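The values are calculated or read from the model by the stated rules, or taken from the named source; none is laboratory data. No experiment lies behind these values; they were computed from the predicted model shown. For neighbour counting, all protein chains shown are included, and Cβ atoms are generated from backbone atoms with ideal geometry for every residue, glycine included.
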Number of protein chains: 2
Amino acid sequence: MLEELDLKAKMEKDEWEQASKELKRKLGVLQQRMRELKIPMVIVFEGWGASGKGSLISRLITNLDPRGFSVYSVIAPTDDEKRYPWMRRFWSKLPAYGDIAIFDRSWYREVSVARDEEDLSKEELEKRYEEIQEFERQITDDGCILLKFFLHISQKEQKHRFQKLEDHKETAWRVTKTDWKHNRQYDKNLEYFEQMLERTDLPQAPWTLVSANDQRYAAWQVFTTVVRAMEMRIEGQGLEAPVMQGVRVSPDITPNPIKKLSQVDLDRSLDQETYEKELKFCQKRLFQLHNRLYQKKIPLILAYEGWDAAGKGGNIKRVTRALDPRGYEVIPICAPTPQEKNHQYLWRFWNALPKDGHIAIFDRTWYGRVMVERIEKFCTQAQWERAYDEINHFERQLFDWGAIILKFWIHIDQDEQLRRFEERQNTPEKQYKITDEDWRNREKWDAYEVTVDEMLMRTNTDWAPWIIVESNDKKYARIKAMKAIIEAVEKRLDL
Amino acid sequence: MLEELDLKAKMEKDEWEQASKELKRKLGVLQQRMRELKIPMVIVFEGWGASGKGSLISRLITNLDPRGFSVYSVIAPTDDEKRYPWMRRFWSKLPAYGDIAIFDRSWYREVSVARDEEDLSKEELEKRYEEIQEFERQITDDGCILLKFFLHISQKEQKHRFQKLEDHKETAWRVTKTDWKHNRQYDKNLEYFEQMLERTDLPQAPWTLVSANDQRYAAWQVFTTVVRAMEMRIEGQGLEAPVMQGVRVSPDITPNPIKKLSQVDLDRSLDQETYEKELKFCQKRLFQLHNRLYQKKIPLILAYEGWDAAGKGGNIKRVTRALDPRGYEVIPICAPTPQEKNHQYLWRFWNALPKDGHIAIFDRTWYGRVMVERIEKFCTQAQWERAYDEINHFERQLFDWGAIILKFWIHIDQDEQLRRFEERQNTPEKQYKITDEDWRNREKWDAYEVTVDEMLMRTNTDWAPWIIVESNDKKYARIKAMKAIIEAVEKRLDL
């Protein structure tokens with residue numbers, strides 16, 4: 001793709017000053033409009049070392065209201081960042097609706113310049129491409145404008161720029177041995193870049209190749225592209241993004257069969273004596289396994305969903321009692337905060353992931369999207385329908401990172417729920433646990449049941465299976481959940 | 001202090017089970033009440049290695065609603081954390097109002113076990129004590145319950161516990177060489193701990209020494225202390241905390257004299273030609289200096305305050321144009337978000353500090369507390385009055401960390417403001433910049449002037465001076481601010 005670019009293109013100073021005046025004015029006005037419409041934008045600058053990314057960004061942001069953008073300079077991940085899935089640091093930097101995030105290098109660093117450093121296998125590289133495509137698909141589906149610029153300069157021009165930097169006392173330190181190595185390996189890097197551009201030139205997120213030997217000409221290309229993209233979105237569609245057609249970049253997902261809720265036998269129970277014996281055994285075993293997970297740096301993610309009053313809290317408590325508090329976290333998921341509402345719905349879960357070797361227990365989860373948000377119409381049908389796929393991919397990424405993932409549906413029937421609601425209402429210390437909303441949700445039991453059945457069916461994958469936990473008898477439910485955890489961990493540890 | 005503790009104290013299993021039943025029940029109920037009253041609580045666990053901090057925390061949190069607490073395990077700071085003031089990582093972990101933060105080791109790590117690692121000078125240690133005292137004073141003044149437990153065990157008991165851990169395959173890895181070293185150096189560490197306890201046993205935040213040879217007895221002491229502290233606050237005072245009397249732990253602060261706003265000569269101006277020449281010179285110089293700051297890892301903090309329409313934005317823009325966008329951030333301060341409102345007012349500024357070598361430009365600042373929050377009565381008189389001191393200390397901590405701090409008051413008179421308001425109103429592209437609130441604030445000019453004069457007078461310190469920037473002529477103002485920055489940086493760099 002890059003060889004088609006005319007690197008001789010130039011722009012004179014006068015020409016730039018005249019052309020840019022209007023562009024700059026527009027930028028400021030359009031940014032305001034985007035904020036009103038709550039349209040988020042991500043601008044990625046990739047390209048050769050010394051191709052002028054920094055000064056281009058500088059030119060661009062001078063014309064923006066600082067209340068509405070952030071600039072991120074992406075270098076190698078820190079030791080701390082390495083303890084999470086590699087895309088997490090980019091997810092966490094996504095702009096709020098109406099804001100702009102500008103990346104000086106980006107996730108593309110990890111499939112280009114990082115290839116040398118890390119000696120990536122072909123499979124690993126392939127996986128990264130897939131995850132990038134999935135990421136970009138998800139954020140653009142969500143309404144984000146994504147602009148990707150690749151700044152191209154010739155080998156000769158790069159060499160010239162490095163030398164110029166080295167000649168000045170103030171800037172000499174900026175040129176490193178690695179930079180010179182990259183200049184010598186220009187052809188090899190060109191191949192990396194070409195492959196990267198081809199693999200990720202997506203309909204919803206195409207690359208803009210920028211001829212950057214001449215800085216003014218480069219600026220002009222970037223400014224016009226940014227302004228045009230903002231204008232088109234503002235005029236055309238507001239938040240709604242064009243839906244990407246026909247591009248299925250990610251591995252085929254065929255969920256496994258699972259029981260319907262109506263087929264579940266809720267009569268299972270345990271007597272007190274067996275329960276206590278089993279509990280003791282399970283907790284002891286979990287404690288040992290937690291230690292091993294920690295040493296082997298394997299993360300464990302437990303996702304709890306279920307009917308109101310089904311006993312999620314008590315179930316979680318029996319698990320956590322066995323664990324060292326330094327190695328786990330319970331993450332209760334309530335209605336999203338204003339900040340969370342201002343991002344794609346998975347954003348807050350990316351930010352809540354455990355470090356490697358740690359355990360995260362989600363008390364309610366990302367499945368809210370296809371349950372409460374669907375039923376209460378907090379999202380559109382298109383949004384919850386594509387969420388199954390997005391969630392499957394999200395979990396797949398966690399699995400690929402090395403996580404063990406288990407999802408529990410804590411199940412009771414309507415009679416049992418009524419009994420527990422009434423008990424809560426009649427016990428002063430438990431009254432805070434029962435609200436009007438619980439009663440309202442109860443009235444929608446049938447709608448929820450259909451929804452939950454569909455959710456279980458569409459997201460019961462090999463890498464993140466659902467376990468339906470019969471919970472009319474809480475003792476039975478607790479032991480069943482703990483045993484499932486033990487079994488999954490033992491399997492992973494080859495015990 | 002520790003020698004007075006009876007390490008032989010014990011509690012039988014029956015006794016504990018009986019006593020703890022009621023304590024556990026209360027804990028859950030009190031936590032709900034604290035959430036309703038929005039009272040935050042911080043619980044610190046310090047003590048010897050293997051003194052049982054982890055299992056005590058585990059016991060404690062089993063009885064708490066996970067929606068309301070977090071556990072932090074404090075180890076040596078990461079490389080990234082080392083690039084900020086050392087207290088920042090604790091500030092950022094403060095609980096929201098109504099929540100509980102539990103620390104397994106804490107800031108006290110840095111004045112005890114870390115003394116060995118870092119070979120701290122006496123002055124450095126002294127400074128850390130002062131900063132701890134200031135931190136605890138500020139958060140308790142703000143209404144936070146702060147409980148500090150020191151778990152004490154004998155040298156013999158510690159040795160015994162290390163051996164027991166080592167004897168079990170699952171836990172052997174937990175005992176390190178450093179642990180054994182600490183056991184051998186028990187007496188030296190005892191001295192460290194004793195000093196730490198004495199220096200930080202504050203009226204508002206006293207230590208609770210826990211005899212921990214017996215785990216049940218230790219748990220009982222901790223549970224009763226926590227329950228009692230919650231009960232006392234709930235019954236007595238709600239959010240209002242007892243104000244610490246007579247303890248002035250921090251270095252005397254005598255601010256420097258500064259002009260009253262009414263004495264400022266606003267007629268200063270620059271002609272276009274001089275302005276352009278000076279601007280060019282200043283931006284070039286700033287660019288060079290930014291490079292040097294980056295290399296020497298010196299952070300620069302620029303705080304902009306001033307009248308509405310005084311020209312803060314344009315002033316900041318002229319500075320940033322000279323800077324590499326990868327090395328600075330403009331932080332616009334608007335009304336606090338719900339999350340920010342749920343924390344002490346300085347919390348969000350601690351979280352926005354630049355890394356070492358970076359520049360942070362605050363467009364409005366923490367001085368909101370003693371201006372708008374005072375005038376609009378968003379805080380009490382007691383709160384804004386003590387804020388001067390809190391702010392002086394905050395800035396002093398940044399200075400001690402190595403930061404250059406400059407605070408600009410961008411100044412215009414009432415006539416000039418009127419002219420600019422009207423111009424904004426009459427220019428379509430600028431209309432978004434002028435709101436009803438601006439007009440309302442303008443009516444309170446006199447009240448603001450008194451307030452600003454007091455603020456300047458009480459916070460104009462050697463380490464973070466105010467610079468009044470005459471801004472009726474914007475060109476003059478821009479050059480004055482840039483020259484002040486250049487001068488301060490050159491001075492620090494010994495140029």
- [ ] Among the residues of the range B:95-107, write down those that are in contact (Cβ under 8 Å) with a residue 60 or more places away in the chain and assigned to a loop (DSSP other than H, G, I, E, B).
- [x] B:A96, B:Y97, B:G98, B:D99, B:R105, B:S106
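Listed here are the residues, each with its yes/no results for (1) over 24 Å from B:Y97 (Cα atoms); (2) surrounded by fewer than 17 Cβ atoms within 10 Å (Cβ to Cβ); (3) more than 14 Å from chain A (Cβ to nearest Cβ).
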residue	(1), (2), (3)
B:Q339	no, yes, no
B:G357	yes, no, no
B:D363	yes, no, no
B:K377	no, yes, yes
B:A387	no, no, yes
B:L398	yes, no, yes
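One line per residue, one yes/no per condition, for (1) under 26 Å from A:R440 (Cβ atoms); (2) without any contact (Cβ under 8 Å) to a residue 24 or more places away in the chain:
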| residue | (1), (2) |
| --- | --- |
| A:W347 | no, no |
| A:N351 | no, no |
| A:P354 | no, no |
| A:I361 | no, no |
| A:T365 | yes, no |
| A:E373 | yes, no |
| A:Q381 | yes, yes |
| A:E385 | yes, yes |
| A:Y388 | yes, no |
Task: Residue count, the range B:319-329 (criterion: within 7 Å of chain A (Cβ to nearest Cβ) and in contact (Cβ under 8 Å) with a residue 60 or more places away in the chain) - done: 0
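What residue, among those in the range A:138-187 that are part of a helix (DSSP H, G or I) and among the aromatic types (F, W, Y), is nearest to B:G327 (Cα to Cα)? Steps first, please.
In the first step, residues of the range A:138-187 are kept if they are part of a helix (DSSP H, G or I); the result is A:138-141, A:155-167, A:172-174, A:177-184, A:186-187.
Imposing the further condition that a residue be among the aromatic types (F, W, Y) reduces the set to A:162, A:173, A:180, A:186.
Details: A:F162: 20, A:W173: 15, A:W180: 23, A:Y186: 27 Å.
Looking at the filtered set, the residue picked out is A:W173.
With B:L346, B:L302, B:L353 as the choices, which residue is touching a strand residue (DSSP E or B) at 6+ places or on another chain (Cβ under 6 Å) and away from chain A (no Cβ under 12 Å)?
B:L302
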Open item on the list: Being among the aromatic types (F, W, Y), within 17 Å of A:L64 (Cβ to Cβ) and within 12 Å of chain A (Cβ to nearest Cβ): is that true of B:Y294 here?
Closed with: no
Task: Criterion violated by A:P332 - all others in (1) within 11 Å of chain B (Cβ to nearest Cβ); (2) touching a residue at least 60 places away in the same chain (Cβ under 8 Å) satisfied - done: (2)
TODO: Identify all residues within the range A:77-94 that are of a type in the set (K, R) and either without any contact (Cβ under 8 Å) to a residue 12 or more places away in the chain or in contact with a Phe, Trp or Tyr (Cβ under 7 Å, 6 or more places away or on another chain) (or both); write none if there are none.
DONE: A:K82, A:R88, A:K93
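If I ask for residues that are among the polar types (S, T, N, Q), at pLDDT below 95 and under 23 Å from B:I57 (Cβ atoms), which ones from the range B:93-127 would you list? Step through it out loud before you land on a result.
Initial filter on the range B:93-127 (among the polar types (S, T, N, Q)): B:106, B:112, B:121.
With the extra rule that they be at pLDDT below 95, the set shrinks to B:112, B:121.
Result: B:S112, single match.
Of the residues A:E170, A:E194, only one is touching a residue at least 60 places away in the same chain (Cβ under 8 Å) and not polar (S, T, N, Q); which?
Numbers: A:E170 fails: touching a residue at least 60 places away in the same chain (Cβ under 8 Å).
A:E194 is the lone residue from the list that is touching a residue at least 60 places away in the same chain (Cβ under 8 Å) and not polar (S, T, N, Q).
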Task: Members of the range A:60-91 found to be more than 8 Å from chain B (Cβ to nearest Cβ), part of a helix (DSSP H, G or I) and crowded, with 20+ Cβ neighbours inside 10 Å, listed by number - done: A:L60, A:F90, A:W91
Open item on the list: So B:D308 passes all but one of these: (1) under 24 Å from the mean Cα position of the chain (by Cα); (2) part of a loop (DSSP other than H, G, I, E, B); (3) surrounded by fewer than 22 Cβ atoms within 10 Å (Cβ to Cβ); (4) more than 10 Å from chain A (Cβ to nearest Cβ). Which condition number does it fail?
Closed with: (1)
Task: Number of the exception - B:Q133 against (1) surrounded by fewer than 19 Cβ atoms within 10 Å (Cβ to Cβ); (2) away from chain A (no Cβ under 13 Å) - done: (1)
Open item on the list: Against the condition closer than 30 Å to A:G327 by Cα and of a type in the set (F, W, Y), how does A:W384 come out, does it pass?
Closed with: no
Open item on the list: Condition first: in contact with a helix residue (DSSP H, G or I) (Cβ under 9 Å, 6 or more places away or on another chain), among the polar types (S, T, N, Q) and assigned to a loop (DSSP other than H, G, I, E, B). Now tell me which residues in the range B:315-343 satisfy that.
Closed with: B:T337
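Report yes if B:R67 is closer than 26 Å to B:T200 by Cβ and assigned by TED's automatic domain parsing to the domain that holds B:M196, otherwise no. Even if it seems obvious, please write down each step before you answer.
Numbers: closer than 26 Å to B:T200 by Cβ: no; assigned by TED's automatic domain parsing to the domain that holds B:M196: yes.
It is false that B:R67 is closer than 26 Å to B:T200 by Cβ and assigned by TED's automatic domain parsing to the domain that holds B:M196.
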TODO: Taking the options B:L406, B:L418, name whichever one is within 26 Å of B:A309 (Cα to Cα), modelled with pLDDT of 95 or more and surrounded by fewer than 19 Cβ atoms within 10 Å (Cβ to Cβ).
DONE: B:L418
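Select, from A:K21, A:K38, the only residue that is in contact (Cβ under 8 Å) with a residue 60 or more places away in the chain and of a type outside the set (V, I, T). If you could, list the steps in order and put the result at the bottom.
Details: A:K21 fails: in contact (Cβ under 8 Å) with a residue 60 or more places away in the chain.
Result: A:K38 is the single residue among A:K21, A:K38 that is in contact (Cβ under 8 Å) with a residue 60 or more places away in the chain and of a type outside the set (V, I, T).
Does A:A50 satisfy being part of a loop (DSSP other than H, G, I, E, B), hydrophobic (A, V, I, L, M, F, W, C) and at pLDDT 90 or above? Break it down stepwise before answering.
Working: part of a loop (DSSP other than H, G, I, E, B): yes; hydrophobic (A, V, I, L, M, F, W, C): yes; at pLDDT 90 or above: yes.
Yes; evaluated as a whole, the condition is true for this residue.
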Open item on the list: So if I check each of A:D14, A:D6, which one is over 27 Å from the mean Cα position of the chain (by Cα), in the same structural domain as A:A218 (by TED's automatic domain parsing) and assigned to a helix (DSSP H, G or I)?
Closed with: A:D14
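Considering every residue within the range A:124-147, establish whether at least one is of a type in the set (D, E, K, R) and touching a His at 6+ places or on another chain (Cβ under 6 Å).
Filtering the range A:124-147 for residues of a type in the set (D, E, K, R) gives A:124, A:126-128, A:130-131, A:134, A:136-137, A:141-142.
Now narrow it down to the ones that are touching a His at 6+ places or on another chain (Cβ under 6 Å): A:134.
Checking the range A:124-147: at least one residue is of a type in the set (D, E, K, R) and touching a His at 6+ places or on another chain (Cβ under 6 Å).
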TODO: Kindly indicate which of A:D436, A:D453 is within 30 Å of A:P299 (Cα to Cα), in the same structural domain as A:I301 (by TED's automatic domain parsing), surrounded by fewer than 20 Cβ atoms within 10 Å (Cβ to Cβ) and of a type in the set (D, E).
DONE: A:D453
TODO: Tally the residues that are at pLDDT 95 or above, farther than 17 Å from A:A9 by Cβ and acidic (D, E), restricting the search to the range A:131-165.
DONE: 1
Task: Qualifying position, being without any contact (Cβ under 8 Å) to a residue 40 or more places away in the chain and surrounded by 18 or more Cβ atoms within 10 Å (Cβ to Cβ), among B:E110, B:E46 - done: B:E110
